[in-house]
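Quick note: the coordinates plus some simple rules give every number you see, no bench work behind them. This one's a predicted model, so the numbers in the text were calculated from it and none came from an experiment. Heads up, the Cβs are rebuilt from the backbone with ideal geometry, glycines too, and the neighbour counts pull from every protein chain shown.
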Amino acid sequence: MGEVLSQNEIDRLLKAYSDGELDVDEMKDESDKQVKNYDFKRPSKFSKEHLRTLEIIFEHYGRLLSTNLPVYLRKSVQVEVMNSEAVTYSEFSNALSNPVLLGVVDMEPLSGNIILEVASNLGYSIVDRMLGGVGQPLDKTRDFSEIELLIIERILTICVELLSDPWQNVVEINPRLERIETNSQFAQIISPNEMIAIVTINVRIGDVEGLMNVCLPFMTLEPVMDKLNTKFWYSNIKKSDEIEYTEVIESLISRATVPIKAYLGRSTVSVQDFTNLQVGDIIRLDTKVDQELDIYVGNIHKFSALPGASGDKYAVRVTSVIREEQ
């Protein structure tokens with residue numbers, strides 16, 4: 001909305017116009033809006049909000065990787081999301097070198113696949129660590145052998161399975177590693193001109209550091225694009241957290257121990273009588289044999305019960321529950 005002028009400002013403008021100090025045509029030229037060029041070859045299908053939400057999802061994913069991978073690699077694993085950007089698939093595939101580690105992942109029930117690109121030095125480090133080494137990469141890059149690919153596939157399968165938890169606030173997925181490709185030419189999952197979102201993750205295994213790029217095609221995410229915003233994300237996190245915390249609290253409370261006391265009755269005696277009590281003496285209570293007893297949970301009067309026995313132990317049978325309103 002434009003700025004509202006006061007009456008004095010309007011009068012000064014009219015006076016300047018009448019005196020010839022103000023050129024209306026010149027003002028019209030200055031107010032023309034600038035035209036922004038639109039590149040139809042690279043349509044902006046991913047907004048900044050979409051990319052930011054993807055970063056949040058994979059920050060959660062990174063925490064899962066740093067917690068779970070050390071169990072298998074027996075090395076400290078540090079994961080950090082570096083950035084996210086929207087590019088065409090051809091730009092992504094042309095930047096890949098050979099050999100390369102590409103995990104093609106099925107995102108059921110979403111259509112299409114996503115790609116996990118793992119740096120070669122990370123792959124060599126994983127193989128070395130799983131075979132009992134210290135986890136150092138090779139000095140010279142070479143093709144991966146079949147045995148090495150089977151070892152890497154085992155670790156990538158674990159990484160893929162961890163994807164379901166970070167995405168559950170957006171959509172329930174059942175990710176599955178379909179195959180591993182070492183040549184980028186055999187991983188043409190979409191058209192070269194299709195837009196993709198790339199989330200770059202820095203992974204550090206011990207002293208070895210490398211990048212993992214997650215390629216997310218627009219056609220795969222299109223059904224859930226409306227949910228890829230921070231407002232929807234945080235609102236779902238709050239709901240799920242409330243349910244989760246409620247269940248945890250209920251579970252903890254259910255295992256808590258509380259004292260329960262049954263009052264057989266009450267009586268008043270003098271201090272002299274109390275000090276002279278002997279085994280076998282009788283104390284007269286203010287309750288009858290068939291009268292209900294008061295049962296206290298902690299210091300709260302909670303039940304009424306009748307006295308009795310269970311086996312060779314004294315017991316009470318609850319007859320009614322004392323509600324708060326009572």
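Summary value for the range 260-321: 29 percent relative contact order, contacts being C-alpha pairs under 8 angstrom separated by 6+ residues.
Across the range 84-98, rounded Karplus estimates of 3J(HN,Hα) from the backbone phi angles (6.51 cos²θ - 1.76 cosθ + 1.60, θ = phi - 60°) give 9, 8, 10, 9, 7, 5, 5, 5, 5, 5, 5, 7, 7, 9, 10 Hz, Gly and Pro being marked x.
Each label point was placed 7 Å from the Cα along the Cα-to-Cβ direction; for Leu264 and Glu108 their separation is 6.7 nm. With the convex hull of its Cα atoms as the shape, the range 48-237 has an orientation-averaged projected area of 10.0 nm². Extension gain for Asp273-Glu59 works out to 69.6 nm (0.36 nm per residue, less the C-alpha to C-alpha distance). Placing a pseudo-label 7 Å from each Cα along the Cα-to-Cβ vector at Leu306 and Glu172 gives an inter-label distance of 4.9 nm. Sparse packing (at most 12 other Cβ atoms within 10 Å of the Cβ) combined with a DSSP loop state is found for the following GluC sites (Glu not before Pro) in the range 124-206: Glu172.
Equivalent-ellipsoid semi-axes for the range 260-321 (Cα gyration tensor, √(5λ), whole Å, largest first): 25, 15, 11. Between amide H atoms placed 1.01 Å from N, distances below 5 Å from Met107 occur with Ile114, all of them 5 or more places distant or on a separate chain.
Kirkwood analysis of the Cα pair distances in the range 108-152 returns a hydrodynamic radius of 11.9 Å.
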